[in-house]
1. Taking the Cβ-Cβ separation of VAL27 and VAL141 as r and a Förster radius of 30 Å, what is the calculated FRET efficiency to the nearest 0.05?
2. Going by Cα centres, the range 32-75 and the range 104-152 are how many Å apart?
3. Taking 7 Å along the Cα-to-C-beta vector as the label spot, tell me the ALA70-LYS170 distance in nanometres, rounded to one decimal.
4. How would you rank HIS94, HIS89, going from fewest to most other Cβ atoms within 10 Å of each one's own Cβ?
5. Name the residues of the range 126-140 whose amide N is less than 15 Å from a point 7 angstrom out from the Cα of ARG107 along the C-beta direction?
6. Decide, for the range 75-177, between rounded, prolate and oblate: order the square roots of the alpha carbon gyration tensor eigenvalues as a ≥ b ≥ c, take rounded if a/c falls under 1.5, and otherwise choose prolate if a/b is larger than b/c, else oblate.
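FYI, it's all coordinate maths here, none of it is from the lab. As the structure is a computational prediction, the values presented were derived from the model and not from experiment. Positions of Cβ are backbone-derived with ideal geometry, glycine not excepted, and every protein chain shown enters the neighbour counts.
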Amino acid sequence: MKHVASSSTLVKRLQGGDRRSLGRSAVVVRDVMGDSALVGDLIGGLEDPDPIVRMRAADVLEKATRTHPAPLAPFKTRLLRQARSSLQHEVRWHLAQLLPRLPLTRRERALAVTTLHGYLQDRSSIVRTCALQALADLAAVDPALRPAERATIEAAMIEGTPAMRARGRKLLARWPRDAAASGGARPEGEGEPPCV
């Protein structure tokens, strides 16, 4: 595929404005959807010194890979590392959305689960809600996680923010109690809007 934007052009499109705006992110989403080779440039954007670029790179990655996550696979180690190290809320909630899209080994999945449990302590309600959704999505593909993550969702419905309680209700409605133990129904939010 032909590159539709160079790395420097891509980063420039993510610059400017403030955290309340998306700048030219929609254009970059279209570019990345048209040329998946640009995913690597966005991964680099997660480490940019500018917090606005990092936030927008994470947002574009999430939107551009929502239906076709395969281009993320070569970057799973970097994404797992970013998820563990990032302190920026806007980046963390998008990374929580991305982790379940990765083809993770059992060990990598365990690392993702540990990271996401840490996100449940974040002061951002959006980060916590996205982490809850991501834990359910990971449990959907790994039956061994289901009992523990069901308990996590149930606890969030008691102690969590209103957004977490609402998300927990949606997740558990798709995940009957007996299915959690037997590996039955999936609690994922397929067809649901993203966690934010």
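1. Computed FRET efficiency for VAL27 and VAL141 comes out at 0.35.
2. 21
3. Going by the 7 Å Cα→Cβ label model, 2.8 nm.
4. Placing the least packed residue first, the sequence is HIS89, HIS94.
5. Under cut-off, by backbone N: nothing.
6. It comes out oblate by the Cα gyration axes.
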